[in-house]
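No lab work stands behind these numbers, since they all come straight from the coordinates. The structure displayed is predicted, hence computed values, not measured ones. Methodologically, a virtual Cβ is constructed for each residue, glycine included, from the backbone with ideal geometry; neighbour enumeration extends over all protein chains shown.
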Amino acid sequence: MPRFYVDPSNIFGDRMVLEGGEYNHLKNVLRKQVGDTLLICDGEGHEYDCRIAAYEDGRVIFDILETREGNTELGISITLYQGLPKKDKMELIIEKAVELGAERIVPVACARSVVHWDDPAREEKKVKRFQAIAEAASKQSGRGVIPEVSKVLSFADAMKEAHGKCDTILFPYENAEGMNTLKKCVSELKPGTKIAVFIGPEGGFDPDEVETAEKTGAQIVSLGRRILRTETAGLTMLSYLMIEAEMAEGMS
């Protein structure tokens, strides 16, 4: 069943309204008729089985048939702090991070980042596009929420934010030895834990950044004996966290 998202402000008792691009997609692309049913999410974890009641004035009006809590979200909250990569790698990273359950993606300007977003107008345009990619990935993967893509933060600001918002900071680093620290950290995660995952850009983290992370309590961990590309490292970390979280909730 196709999945759509509605702003909670457009839910009125046992009815809701979709408009804009969703109106055109439903009526002219999917050619949905009055009486057809759809699954609609409010982006906050609630799902609604709805029936099209009418098309009018550029809006689709729905009758809400059933409301329930979604069950596609992880029991933990993951924020991916991704060092700015080159070219269009960020788009791939966002798409796959959403599929793997990340709740938020924060682009980070690191010391070794080749790309720099110094133009506010250009950054706003990029973040808007990234948010659209996140929404599309949410629809495709059946997410109950649309993860937020943040504006770019400096490494220092990203680390400060992570310490203020998250319970655990995982910091994969190619020079870390063994995987026991990672295994131990992940095995101790409890439902509701807020996790920050820091991934360096193509050139990796600068030693000063690693030292700062370690001194402020981040867990420096290894992802194995091979050096992974920036777009691979984050997805490896998120895949591991997703599987562990799903298994902890009894998924099989």
Efficiency of FRET between Met247 and His163 - r from beta-carbon atoms, R0 30 angstrom, step 0.05
0.60
In nm, spacing of pseudo-spin labels at Tyr55 and Lys151 (7 Å Cα→C-beta vector):
3.9
Among the lysines, select those whose C-alpha is under 21 Å from the C-alpha of Lys27, and discard any that sit fewer than 8 residues away in the same chain.
Lys139
If r is the Cβ-Cβ distance from Ser239 to Thr37 and R0 is 41 Å, what FRET efficiency results, to the nearest 0.05?
0.75
Compute the angle between helix 155-165 and the longest alpha-carbon principal axis of the chain, please, reported from 0 to 90 degrees and rounded to the nearest 10.
60
So, relative contact order of the chain in percent, Cα under 8 Å, 6 or more apart, is 20
What is the magnitude of the charge dipole of the chain about its Cα centre, with +1 placed on the Cβ of each Lys and Arg, -1 on the Cβ of each Asp and Glu, and no other charges, expressed in debye to the nearest 20?
580
Loop-only check: which trypsin sites (Lys or Arg not before Pro) in segment 85-179 are DSSP coil with at most 16 other Cβ within 10 angstrom?
Lys86, Lys87, Arg112, Lys151
Nearest 10 degrees, 0 to 90: helix 230-248 Cα axis against the chain principal axis:
70
Which entry in [x] 135; [y] 144; [z] 168 matches volume of the Cα convex hull per residue in Å³ derived from the coordinates of this structure?
[y]
Can you tell me which of Ala136, Ala196, Ala97 moves the most in a GNM of the chain? Springs connect C-alpha atoms under 10 Å apart.
Ala136
Burial ordering of Met242, Met237, fewest other beta-carbon atoms within 10 Å first
Met242, Met237
The chain - mean residue ellipticity at 222 nm from DSSP helices (-39,500 (n - 2.57) per run, n ≥ 4, rounded to 500):
-10500 deg cm²/dmol
Please identify, among Thr168, Thr181, Thr230, the residue showing maximal mean-square fluctuation in a Gaussian network model of the chain using a 10 angstrom Cα cutoff.
Thr181
For a paramagnetic label modelled at 7 Å from the Cα of Thr67 toward its Cβ, which residues of segment 5-20 fall within the zone defined by backbone nitrogen distances under 20 Å?
5-19
Label segment 1-128 by shape, choosing from rounded, prolate and oblate, from the square roots a ≥ b ≥ c of the eigenvalues of the Cα gyration tensor; if a/c is under 1.5 it is rounded, and otherwise prolate applies when a/b is larger than b/c, oblate when it is not.
prolate
Chain lengthening between Val114 and Lys215 when straightened (0.36 nm per residue, less Cα-Cα):
33.8 nm
Cα-based reach from Lys194 at 21 Å (exclusive), listing lysines while leaving out same-chain residues under 8 positions away
Lys96, Lys151, Lys160, Lys165, Lys183, Lys184, Lys215
For the Cα atoms of the chain, what angle does the longest principal axis make with the long axis of helix 89-99, in degrees from 0 to 90, nearest 10?
60
DSSP beta bridges in the chain: the antiparallel percent, rounded to 5, is 50
Prolate/oblate/rounded label for segment 3-69 (Cα gyration tensor, a/c 1.5)
prolate
